[in-house]
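Trainee: Take a look at the following structure, please.
The values are calculated or read from the model by the stated rules, or taken from the named source; none is laboratory data. In this text, all values refer to a predicted model and were calculated from it rather than measured experimentally. A quick note on method: Cβ atoms are made from the backbone with ideal geometry, for glycine too, and the neighbour counts reach across all protein chains shown. Please note that ligands, DNA and RNA were not included when accessible areas were found on the heavy atoms of the full protein model with its side chains. Shrake-Rupley method; radii C 1.70, N 1.55, O 1.52, S 1.80 Å.
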Amino acid sequence: MSDDNKKDLSRRQFIEKSSVLAGGALITGGLAGCATGSTNPAASSAVFAGGSETLKLAVIGCGGRGTGAATQAMKADKGIELVAVADAFDDQAAKCVKTLTRIFGNERIKVTPETTFAGFDAFEKAIDMADVVILATPPGFRPEHFEYAVAGNKHVFMEKPLATDAYGVRRVMKAAEQAREKKLNVVVGLQRHYQPSYLEAYKRYQEGAIGEIVSGQVYWNSDGVWVRERQPGQTELEYQMRNWYYFNWLCGDHILEQHIHNIDVANWFIGAAPVGAQGMGGRQVRAGPDHGEIFDHHFVEFTYANGAVISSQCRHQPGCANMVEERFQTTTGSLYTSGSNDATLTTRAGERLYKHSGMFDPSPYQIEHDKLFASIRSGGHIDDTPHGVEATMTAIMGRMATYSGKRVSWDKALASGQRLVPDSKDLDWNGKAPVMPDAEGSYAIPTPGKTRVL
Amino acid sequence: MPTNRALILALALVGLANTPAGAEEFTAFVQPIPDSEQDISMVAVTGGSFVMGSPESETGRQDWEGPQHRVTVGDFFIGKYEINWQQYELFVYRDEDSFNSLVDPATLAGLAIDGVTGATSPYVEMSFGMGKEGFPAVNVTHYAALQYARWLSAKTGRFYRLPTEAEWEYACRAGTSTAMSFGSDAADKYAVTTDNSEEKYARTGSRDANPWGIHDMHGNVAEWTMDQFDPAFYATSPGGNPYNRPTELYPRVARGGSWAQPLEHARCAARLPSAANWKERDPQIPKSRWWLTNAPFVGFRLVSPRVQPPAAEIQRYWLEAIEDYGI
């Protein structure tokens, strides 16, 4: 039988425990002096409570998803103006402004060439101008951008995942703590938490319809994503930024960047993060330097304190039996959910207790923004960072297990001193990239049994 | 959009090659898809005159199914089955494509094909767990379905496209004039709809063919036609080979109903207008031109006119992609 109180307690304990750990790690990691900005608790939320003031929005990361999130934000609240955009690349920033202007017109898209920022430090200038920010760059940059936004008392929508290494996770945890104190609204793009099919299934599971989860299988098995060809004259860093999906410091591998959704559902429904992981993975279909350094398949067993084991599969291999969904076995039945708005609860005897067929349910991507802006307007407080952090760290732990071939515990994974992402001030288009190809142009691929991850 | 899959086809002389043997006799033929083990069965449909649309007395009728009007269509071949995933994914992955494998460039010029862009790989699993092997391809945009036809034309040297609404309805009726091409109590034998679908599509050809030997015209998956949806089009429709060439992204017409709809939506005259919410869960802007995210009930089949039209006329059918800003 599920127990709300028990689950809430275990999540609170996780947050408290992790916060302590994060504090310690931050000090040893030399980040004790990280920016805190002005700290006037609740001041920022209060400004807009019940008001009709215009909310100034900035988009950090101007790709298809950043532009999409901006569109959803603008649709969510008629009183929003886009005042600034930032991207590493000026062409991306300009394209985003052009697209949004086409949709919403100059009345609401107030971005000018002076407030279209490009480069690694562009985020600071754009965030400074806004009340609400959308963080949609490759995830490697998320910790630094989130820290800066919170320090400046901004409400935040940020895409998953929240970091690509444990060092980044700890930075996000620290900033999230400050955001909570300041009552800043933070919505994380794990949209299944806003998707009616998942919410309905979760509600029924919580009510005890099929008992307690004992095992599960979560999948993101798909064809893979885009590859952008190396262009003449491109520096190594520009090439990696354009192909961010294939570099671990920027993307975190597809177990993190995509499969986080399914892993997140497991944590959410079980009500806790796993205590450890072991697994295997590799790279069979992706060959050659045009696919960077990441794997194309991972299989991980996540074990939870209550004894539940979740098998997690993710694959980027075209032509295979692909699926993106979650299945759980419970003490008295089973549970199925998928991103296609389907959800079912079934007894062990096969009787269907609930079926959600939401072919035209509203887009969860839109609901995220509807809720975020309604909360800002009403002086409410949404804080998605606990499950955002938890899911991010869980997927990173999974990657540590597949890259190393070793068992990895949650505590050791979270405390890992390995740092993949430099600060933005240390990145230079003409300088070295965090990983460099060898003389033949190939990147080092992680080797289970040899690669160190902690 | 990624451009690495873009395939630029050479332009050269005029002429047609590789026309299937027997086409002159106007009988069914099997179109092999070059460099693959796949082929597409085509049924010969002798053109003629029929009454398009439904009478006001028909159960389930929408106003936009009228007025009934007499239409004539020319001879054409139509797919015996809906295009399935194996056939469609050849176009998505293009593993077998190479310049060497294309037909004589002269043919391409004859077909007015100067370039085909390949679909991007889907972001998630697009059958939504309903199965791939032998099952109809779904969640394919109108643009993607037509580009598939263009790609197939380039590979085979024979002009393929989507059916016009008029051709589709003519082939569906198959000489009958009732709401369905089959008797009123035989739906299970001919149609996959919510009455019998068990919430998913069926393998193509799992049900009996209509009187002209064409399967799954009623239900299974709704099928793209060439036409823009205009509820008023029938009032002024031309009588000969009507085609309402699209100028807007939405709505375009899908026909035949699907596994996700009740039987009355699978009537010969039923018209399904496409809608922006067929991409409801695409989080990017602009949205994908290749994939729908909320339309596991929409697929397509191809036609090829018996008399292959001149290049200039073929060109008229190749629609440009329209960016989808999701507003």
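Trainee: Please label the shape of segment B:230-322 as rounded, prolate or oblate, based on the square roots a ≥ b ≥ c of the eigenvalues of the alpha-carbon gyration tensor (a/c under 1.5 means rounded; beyond that, a/b larger than b/c means prolate, else oblate).
Mentor: Taking the square roots of the gyration eigenvalues as a ≥ b ≥ c, segment B:230-322 is oblate.
Trainee: Calculate, in whole percent, how much of the Cα-Cα pair population of the protein assembly as shown lies beyond 34 Å.
Mentor: I get 53 percent for the Cα pairs in the protein assembly as shown exceeding 34 Å.
Trainee: Only counting protein heavy atoms at a 1.4 Å probe, give the residues of segment A:217-249, ordered by number, whose accessible area falls by 50 Å² or more when the other protein chains are present relative to the chain alone.
Mentor: For segment A:217-249, once contacts with the other chains are taken into account, A:D223 lose 50 Å² or more.
Trainee: If you split all Cα-Cα distances of chain A into 10 Å bins from zero, what percentages do you get per bin, shortest first?
Mentor: With a bin width of 10 Å, the distribution comes to 4, 21, 31, 28, 13, 2, 0.
Trainee: Follow-up question, since we're still on this one. Hey, how much of the P(r) for segment A:55-191 falls beyond 17 Å, as a percent of Cα pairs?
Mentor: Distances greater than 17 Å cover 53 percent of the Cα pairs.
Trainee: Have a look at A:F146, A:A76, A:F123 and report the one farthest towards the positive end of the charge dipole of segment A:55-191, computed about the Cα centre with Cβ charges (Lys/Arg +1, Asp/Glu -1).
Mentor: Checked the options; the winner is A:A76.
Trainee: Where does segment A:373-451 land on Rg(C-alpha)/(2.2 N^0.38 Å)?
Mentor: 1.59
Trainee: Largest first, how would A:R204, B:R301 line up by accessible area (1.4 Å probe)?
Mentor: A:R204, B:R301
Trainee: What pairs from A:K75/A:K425; A:K95/A:K125; A:K56/A:K98; A:K406/A:K432; A:K160/A:K412; A:K110/A:K432 go past 27 Å between their alpha carbons?
Mentor: Pairs exceeding 27 Å: A:K75/A:K425; A:K406/A:K432; A:K110/A:K432.
Trainee: Relative contact order for chain A using alpha-carbon pairs under 8 Å, separation at least 6, rounded to a whole percent?
Mentor: 20 percent
Trainee: I would also like to ask the following. Quick check on segment A:283-350: what does the Kirkwood estimate of hydrodynamic radius come out to from the alpha carbon pairs, in Å?
Mentor: Answer for segment A:283-350: a Kirkwood hydrodynamic radius of 14.7 Å.
Trainee: Taking only protein heavy atoms into account and a 1.4 Å probe, give the accessible area per residue of chain A in Å².
Mentor: 37 Å²
Trainee: Where the centroid of each part is defined by its Cα atoms, how far is segment A:213-254 from segment A:75-104 in Å?
Mentor: About 24 Å separates the Cα centre of segment A:213-254 from the one of segment A:75-104.
Trainee: Averaging the inverse of every distinct alpha carbon separation and then flipping it gives the Kirkwood radius. What is it for segment B:29-320, in angstrom units?
Mentor: 19.0 Å
Trainee: Relative contact order (percent) for chain B, with alpha-carbon contacts under 8 angstrom and 6 or more residues of separation?
Mentor: 23 percent
Trainee: So how strong a dipole does the protein assembly as shown carry about its Cα centre when Lys and Arg Cβ are +1 and Asp and Glu Cβ are -1, to the nearest 20 debye?
Mentor: The calculation lands at about 1200 debye.
Trainee: Now a separate question. HN-Hα J couplings of segment A:234-251 from phi, Karplus 6.51/-1.76/1.60, θ = phi - 60°, integer Hz, Gly and Pro as x?
Mentor: Going residue by residue, I get 5, 6, 4, 5, 5, 4, 5, 5, 5, 10, 4, 4, 9, 10, 4, 5, 8, 10 Hz, with x marking Gly and Pro.
Trainee: Still on this model: When the distances between all Cα atoms of segment B:35-171 are binned every 10 Å from zero, what whole-number percent does each bin get?
Mentor: Bin by bin from 0 Å, the calculated values are 10, 32, 32, 20, 6, 0.
Trainee: Same structure again: Along the positive direction of the dipole of segment B:29-320 (beta-carbon charges: Lys, Arg +1; Asp, Glu -1; about the Cα centre), which of B:V51, B:Q86, B:A209 reaches farthest?
Mentor: It is B:V51, whose Cα lies furthest towards the positive end.
Trainee: To two decimal places, what compactness ratio does segment A:306-386 give when its Cα radius of gyration is scaled by 2.2 N^0.38 Å?
Mentor: Relative to the rule-of-thumb radius for its length, segment A:306-386 sits at 1.48.
Trainee: Size of segment A:212-318 along its principal axes in angstrom, Cα-based, largest extent first?
Mentor: 56, 22, 18
Trainee: Looking at segment B:128-233, what % of the alpha carbon pairs are farther apart than 17 Å?
Mentor: Value for segment B:128-233 (Cα pairs over 17 Å): 62 percent.
Trainee: If you don't mind, another one. Specify the inter-centroid distance of segment A:346-369 and segment A:416-438, based on alpha-carbon positions, in whole Å.
Mentor: Rounded to whole Å, the Cα centres lie 42 Å apart.
Trainee: A further question on this structure: Which value, in square angstrom to the nearest 100, describes the accessible area buried between chains B and A on both sides, using a 1.4 angstrom probe?
Mentor: 2600 Å²
Trainee: Going toward the positive end of the dipole of chain A, with +1 on Lys and Arg Cβ and -1 on Asp and Glu Cβ, which of A:Q258, A:M400, A:P422 do you reach last?
Mentor: Farthest towards the positive end: A:M400.
Trainee: What part of the accessible area of the protein assembly as shown, given as a whole %, is carbon or sulfur when the probe is 1.4 angstrom?
Mentor: Solvent-exposed carbon and sulfur of the protein assembly as shown make up 52 percent of the total.
Trainee: Using unit Cβ charges (K, R positive; D, E negative) and no other charged atoms, how large, in debye to the nearest 20, is the dipole of segment B:29-320 about its Cα centre?
Mentor: Charge dipole of segment B:29-320: 380 debye, to the nearest 20.
Trainee: Provide the per residue accessible area, probe 1.4 Å, for chain B, rounded to a whole number of square angstrom.
Mentor: 37 Å²
Trainee: What are the residues of segment A:86-107 that lose 30 Å² or more of accessible area, with a 1.4 Å probe, going from their chain alone to all protein chains?
Mentor: Going by heavy-atom accessible area, the residues of segment A:86-107 that drop by at least 30 Å² are A:T99, A:R102, A:I103.
Trainee: Dipole of chain A, Cα-centred, from +1 at each Lys and Arg C-beta and -1 at each Asp and Glu C-beta, to the nearest 20 debye?
Mentor: Magnitude of the dipole: close to 600 debye.
Trainee: If you don't mind, there's one more thing I want to ask. If A:L353, A:L190 are ordered by their accessible area, calculated over protein heavy atoms with a 1.4 Å probe, which sequence runs from highest to lowest?
Mentor: Largest accessible area first, the list is A:L353, A:L190.
Trainee: If amide hydrogens are placed 1.01 Å from N in the peptide plane, which non-local residues have theirs closer than 5 Å to the one on A:I80?
Mentor: The answer is A:L55.
Trainee: Follow-up. State the number of lysine pairs found in chain B whose Cα atoms come within less than 24 Å, restricting to pairs 8 or more positions apart or on distinct chains.
Mentor: Lysine pairs, 8 or more places apart or on different chains, close enough: 11.
Trainee: Could you name every residue in segment B:268-285 that has 50 Å² or more less accessible surface in the full protein assembly than in its own chain alone (probe 1.4 Å, ligands and nucleic acids excluded)?
Mentor: B:E280, B:R281, B:P283, B:I285
Trainee: Can you give me the relative contact order of segment A:55-191 as a percent, contacts being Cα pairs under 8 Å and 6 or more apart?
Mentor: Averaging sequence separation for qualifying contacts and normalising by length gives 24 percent for segment A:55-191.
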